[in-house]
Amino acid sequence: MAWKFAADAPIYLQTAEIIRLRILTGDYPPGTYIPSVRELAQEAAVNPNTMQKALATLESTGLLTTHRNTGRQVTESQDLIRMLRIEQARAYVQSCRQQLVTLGFSSEEITSLFSHWSGESTLKKE
Amino acid sequence: MDSFKHPVLQCRGLNKSYGRHHVIKDLDLELSPGRIVGLVGPNGAGKTTLIKLICSLLTAQSGQILIGGHPVGAGSKALVSYLPERTYLADWMKVADALELFADFYADFDREKALDMLARLSVDPKARFKTLSKGTREKVQLVLVMSRKALLYVLDEPIGGVDPAARDYILSTILTNYNEEGTILISTHLISDVETVLDEAIFLKDGQIVLHKSVDEIRQEEGKSVDELFREVFKC
């Protein structure tokens, strides 16, 4: 299944974002090696040059490191991953809050909506 | 291999007319190695004419085309692997005959690779072309073209007449099988289908190049996909 891309942003950035999330969610655990550029390009149905560029941007943030012969390794730093997960959570909350503000909810209402429905969804699962 | 020091393709001041109909107008183009390039434009823009000039099937009235630094001509056919719009393989032929034909014609043809790809498609080499569906024929033709180790692959509408699943197969074949020193030029109307596999896009309009940029540059600068930009530039 080819990956889905939005029309308004460069493909390499969207590709990098998908791989970043795989690292943050633990699909690619800390210290493990990710698949090769070719394999990933094949899976995503993107140009290998694009995938290369995407991985390079992740290297520049320290999330991946390249080893000459063995490929690309996810950072072993749990701290870095934890920090990035918190940043990601903040981005999700902010974007959700923004949408609720657009819908006309106040700050206090939004907080109570969050506690109300997060409780409900746990109940349903059980 | 001094070819790799030169751009894969250079066109300079290219002109082509059919009678009084001026199809390619003073066209300049340069492609570097290892790129996948989309050639897009509305019907009648001159895509197929440009491709035929590059493949030395037509002769330009003026201007120059160099393939890996060599002028186009009989010699350059060894460097260019061409997938025409329509198949030229005869109905009575078996798939294995077509492999023979390619092995005879092209020193860079890798028969093992072709057989391997055919096996993955579950195409029997003993099958005759007349027994194959249109889509399967197109796939076989693509397998033949991509099994050469060429400097430049020129694919004229490779995904035109096939179903979406076959389209995915064809695109992944293109992605996995090109050699990294080579460049692939794909002409197509179906931009949104190929956009993610392209490095660069060339917009051809009335025989001239109106835009030649990397896909990500287009998305970054315009904030829209190549497909959307195409619809804007070529709005009827």
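The values are calculated or read from the model by the stated rules, or taken from the named source; none is laboratory data. A quick note: this is a predicted structure, and the numbers were derived from the prediction, not measured. Using ideal geometry, Cβ is built from the backbone for each residue, glycine included, and neighbour counts are taken over all protein chains shown. Accessible surface areas use protein heavy atoms only, side chains included; no ligands, DNA or RNA. Shrake-Rupley method; radii C 1.70, N 1.55, O 1.52, S 1.80 Å.
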Candidates B:ARG148, B:ARG128, filtered to the one that is among the basic types (Lys, Arg), touching a strand residue (DSSP E or B) at 6+ places or on another chain (Cβ under 7 Å) and open to solvent by less than 60 Å² (accessible area, probe 1.4 Å): B:ARG148
Number of the condition not met by B:LYS113 [criteria: (1) at pLDDT below 90; (2) open to solvent by 30 Å² or more (accessible area, probe 1.4 Å); (3) not acidic (Asp, Glu)]: (1)
Selection from the stretch A:69-121 of residues that are closer than 30 Å to A:SER36 by Cβ and among the hydroxyl-bearing types (Ser, Thr, Tyr): A:THR70, A:THR75, A:SER77
Among the residues listed as B:LEU31, B:LEU79, the single one being touching a residue at least 12 places away in the same chain (Cβ under 8 Å), more than 14 Å from every other protein chain (Cβ to nearest Cβ) and not hydroxyl-bearing (Ser, Thr, Tyr): B:LEU79
From the options B:PRO33, B:PRO42, residue that is touching a Cys at 6+ places or on another chain (Cβ under 9 Å), assigned to a loop (DSSP other than H, G, I, E, B) and farther than 25 Å from B:VAL140 by Cα: B:PRO42
Selection from the stretch A:43-95 of residues that are surrounded by 15 or more Cβ atoms within 10 Å (Cβ to Cβ), farther than 25 Å from B:ARG35 by Cβ and without any contact (Cβ under 8 Å) to a residue 60 or more places away in the chain: A:LEU63, A:GLN73, A:VAL74, A:THR75, A:LEU80, A:ILE81
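Here's the yes/no breakdown for (1) closer than 17 Å to B:LEU50 by Cβ; (2) open to solvent by less than 20 Å² (accessible area, probe 1.4 Å); (3) touching a Phe, Trp or Tyr at 6+ places or on another chain (Cβ under 8 Å):
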position	(1), (2), (3)
B:GLY161	no, no, no
B:ARG167	no, no, no
B:SER172	no, no, no
B:LEU175	no, yes, no
B:ASN179	no, no, no
B:LEU185	yes, yes, yes
B:ASP199	no, yes, no
B:ILE202	yes, yes, no
B:LYS205	yes, no, yes
Some residue of the stretch B:181-198 being more than 11 Å from every other protein chain (Cβ to nearest Cβ), in a loop (DSSP other than H, G, I, E, B) and either farther than 27 Å from A:GLN14 by Cβ or free of Cβ contacts under 8 Å to residues at least 40 places away in the same chain (or both): yes
The stretch B:148-172, residues that are in contact with a Leu (Cβ under 9 Å, 6 or more places away or on another chain), among the hydroxyl-bearing types (Ser, Thr, Tyr) and assigned to a helix (DSSP H, G or I): B:TYR169
When residues of the stretch B:207-226 are limited to those that are under 19 Å from the mean Cα position of the chain (by Cα) and part of a helix (DSSP H, G or I), the one farthest from the other protein chains (Cβ to nearest Cβ): B:VAL226
Residue check, A:LEU13 open to solvent by less than 30 Å² (accessible area, probe 1.4 Å), under 29 Å from B:GLY182 (Cβ atoms) and either within 14 Å of chain B (Cβ to nearest Cβ) or modelled with pLDDT of 95 or more (or both): no
Scope the stretch B:187-197; condition crowded, with 23+ Cβ neighbours inside 10 Å and β-branched (Val, Ile, Thr); matching residues: B:VAL194, B:THR196, B:VAL197
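Could you please let me know if A:ALA91 is closer than 20 Å to A:PHE5 by Cα and within 14 Å of chain B (Cβ to nearest Cβ)?
No: the conditions fail for A:ALA91.
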Helices (runs of 4 or more DSSP H) within the stretch A:10-126 that include 1 or more residues under 25 Å from B:SER192 (Cβ atoms): A:11-24, A:37-44, A:48-60
